[in-house]
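In what follows, a single structure is set out as structure tokens and then discussed.
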Amino acid sequence: MATITQTQTENQTSTNDDKANLSPLDLLNRDGFVVLPSTLFPNLNKNLDALRSAGARLTSKARAGQWPYIRTLPKQFPPWPSDPSSGIWGVQHLMHPSNPDNLVFAGSYFDKDLVGLVRELIGCEEEELIMELYNMLVRPDNDFALRWHRDDIPASATSEEELSRLQKPGFHAQWNLALYDDSSLIVVPGSHKRARTEEERNADPYEDDMPGQLIVNLQPGEVVFYNNNILHRGKYDSNKERMTLHGSIGTTLGSNERARNVLQHGVGSWVENVDFQGLGDEGIQKRAEGMRERLVRLGREKGDVGFFSKDE
């Protein structure tokens, strides 16, 4: 099973001569994911300890049944029950106003360097960005794995249906920011540009050795951006500490395509109540309020959007 680091990502299909010419967007388009070093996000890395502490407090509350917004074992997709007695693998709604540390997380979500990179990857102006999701993937109470999937294409899709969806723009950027070493994400590079092969289509949903798969290794402070329709899965070790911030930002250019992916998580029920004035930075506050306003507008326009895979 292959393992990939940030340096290896840049060299995966490139020579040393041409890798310097590949931007994060080039790498994302080519491979379906790109791992970026912590040096690109100085403010995020300056605040790693604060993020870890806030993450630990919220995770402890979630495991104790004092935070209802959780991803529970063994369910893979929303909606999740709020009872943690079977164990959890994620904590939802980091910026919810009832979380005392919500602004710690908000500061990282609306970070200027992160948002600037999102704009580059999506290809839009700041005034077109929409606040989407910000959750945290944590150490599960028991070993746990997700099946191979694409986030917005069901496993039942035909090759023609897959290609039709894959040929459309994504209109968002999705990322994982590791607060501790993380090797949970497994991807098949390049699969965001093609339908599944017959071998992939017929493989066990939890196949541990999919042809061409790569384990994405993240060190603390590193960020992986990935196309949410790359063929991927997660595999989580109950004996290894994990806190990985899992976010997405969209754009008004593609609100119709993104509505279900975002609104199925229930973010619209609380987002208007977040007070971003406490962020303490006028630029970040203005960015946050503008992105929130566009999300609220999206929720009002779309109403009940249903779920991607309600029973899984």
*Taking a cut-off of 16 Å between Cα atoms, list the aspartates and glutamates near K193, but don't count ones fewer than 8 places away on the same chain.*
D26, D31, D151, D152, E160, E161, E162
*Could you point to the residue in S248, G65, V104 farthest towards the positive end of the stretch 2-302's charge dipole, with +1 and -1 charges on the Cβ of Lys/Arg and Asp/Glu respectively?*
G65
*In the neighborhood of I284, defined by Cβ-to-Cβ distances under 14 Å, what is the net charge if each Lys or Arg adds +1 and each Asp or Glu adds -1?*
-3
*Could you work out the local net charge near N99, counting Lys and Arg as +1, Asp and Glu as -1, over the other residues with Cβ closer than 11 Å to its Cβ?*
+1
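By per-residue mean of other Cβ atoms within 10 Å, what is the highest-first order of 146-152, 228-234? Let's see the in-between values first.
Details: 146-152: 18.6, 228-234: 21.9.
So the peptides 146-152, 228-234, ranked by packing, come out 228-234, 146-152.
I need the shape label for the stretch 2-302. Rule: rounded when a/c is under 1.5, else prolate if a/b > b/c, else oblate, with a, b, c from the alpha carbon gyration tensor.
On the way: a/c = 1.34, a/b = 1.20, b/c = 1.12.
Note, shape of the stretch 2-302 comes out rounded.
At a Förster radius of 30 Å, what calculated FRET efficiency corresponds to the Cβ-Cβ distance of S82 and R165, to the nearest 0.05?
Values: r = 32 Å, r/R0 = 1.06.
Once rounded, the FRET efficiency stands at 0.40.
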_If the reach is capped at under 18 angstrom between alpha carbons, list the aspartates and glutamates near K286, excluding any in the same chain fewer than eight residues apart._
D111, D113, E125, E126, E127, E128, E132, E272, D275
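Each reported figure results from applying straightforward, stated rules to the coordinates on display, with no laboratory input. All figures in this text were calculated on a predicted structure; none of them were measured in a lab. Cβ: placed from backbone, ideal geometry, glycine included. Neighbour counts: every protein chain shown.
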